[in-house]
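The values are calculated or read from the model by the stated rules, or taken from the named source; none is laboratory data. Note that the coordinates shown come from a computational prediction; the quantities given were computed from them, not determined experimentally. Note: ideal-geometry Cβ built from the backbone for every residue, glycine included; neighbour counts use all protein chains shown.
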Amino acid sequence: MGTILQNHPETILFPLIADSYSIDGEYSKAEEICKTGLNHHPDHADGLFVLAQINSQKKNYKIAEGILKDLFKSHTVYPEALNLLVEIQEKINRSPNTVKIVKKKYEQFDYTTAHQKTKKILTKKKIGAQNTALSVSPTDLKPLKVSPQLATLTLVKILEDQGLYPQALDILDMLGEKENDKKKLIEYRKKILKKIHTNK
């Protein structure tokens, strides 16, 4: 997927590419990709989350904490970020009351409401903007390495809109292990497979 970044530095897929480098331990490269992507998309929730993860892995805990706080200014619905913030605040010995407040927010998180909000956002984007697929070479169509936290139906939709169907199927495979609504996953898979066959 590095080719996508070279040809389209403004791509919204930059968190995936950065996360892939981070998984391989290439934190400096991953951080550079995140910062470049965030220059184009300053409030990108996944971009901020991955950047916070990278800094946490590099033990830059206070920087990671600051990034997560910036994330929550524009994205209040992000349970994985809340969980990461708890871990970081415990490592830097924030007051028990501070950690307790964040833990409570995470434990009381309403996943049903979050899914409904995500669905509305995706619907608005579909109505208000044209979907432009990137040109992808065969070398880009490799199995996608993504942190479990980033594997969501929102990500499947983004990959589908960008014409990255094999990667979208990879994420659906990951979701099969944690998504309760199996029927929805089957419908997504059928739709994407149909697009793959149509484009052959």
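Restricting to the stretch 54-103, what's the tally of residues that are over 28 Å from H41 (Cβ atoms), of a type in the set (S, T, Y) and touching a residue at least 12 places away in the same chain (Cβ under 8 Å)?
Residues that pass the stated criteria total 0.
Only one residue in V77, V86, V50 is in contact with a Lys or Arg (Cβ under 8 Å, 6 or more places away or on another chain), in a helix (DSSP H, G or I) and among the aliphatic types (A, V, I, L, M), so which one is that?
Testing whether each residue is in contact with a Lys or Arg (Cβ under 8 Å, 6 or more places away or on another chain), in a helix (DSSP H, G or I) and among the aliphatic types (A, V, I, L, M) leaves just V86.
If you go through the stretch 172-190 one residue at a time, do you hit one that is crowded, with 17+ Cβ neighbours inside 10 Å, polar (S, T, N, Q), outside the structural domain of G25 (by TED's automatic domain parsing) and modelled with pLDDT of 50 or more?
There is no residue in the stretch 172-190 that is crowded, with 17+ Cβ neighbours inside 10 Å, polar (S, T, N, Q), outside the structural domain of G25 (by TED's automatic domain parsing) and modelled with pLDDT of 50 or more.
Which of the residues belonging to the stretch 62-81 are modelled with pLDDT under 90 and buried (at least 20 other Cβ atoms within 10 Å of the Cβ)?
Within the stretch 62-81, Y78, A81 qualify.
Just need a number here: residues in the stretch 23-39 that are at pLDDT below 90 and within 16 Å of the chain's Cα centre (by Cα).
Total satisfying the criteria: 1.
In the stretch 70-102, which residues are over 23 Å from K58 (Cα atoms) and either charged (D, E, K, R) or not assigned by TED's automatic domain parsing to the domain that holds F49 (or both)?
Hits for the stretch 70-102 are K73, K100.
Scan the stretch 154-169 and report the pairs whose first residue is over 11 Å from K195 (Cβ atoms) and free of Cβ contacts under 8 Å to residues at least 60 places away in the same chain and whose second residue is of a type in the set (G, A, S) and buried (at least 22 other Cβ atoms within 10 Å of the Cβ), with Cβ atoms within less than 8 Å and a gap of 6+ or a chain change.
V156/A168
If you take the residues in the stretch 18-52 that are touching a Ser or Thr at 6+ places or on another chain (Cβ under 8 Å) and hydrophobic (A, V, I, L, M, F, W, C), which one is surrounded by the most Cβ atoms within 10 Å (Cβ to Cβ)?
Filtering first and then ranking leaves V50.
What are the residues in the stretch 22-46 that are small (G, A, S) and either in contact (Cβ under 8 Å) with a residue 40 or more places away in the chain or closer than 22 Å to K69 by Cβ (or both), if any? Step through it out loud before you land on a result.
Keep residues of the stretch 22-46 that are small (G, A, S), which gives 22, 25, 28, 30, 37, 45.
Of everything in the stretch 22-46, those that are small (G, A, S) and either in contact (Cβ under 8 Å) with a residue 40 or more places away in the chain or closer than 22 Å to K69 by Cβ (or both) turn out to be S22, A30, G37, A45.
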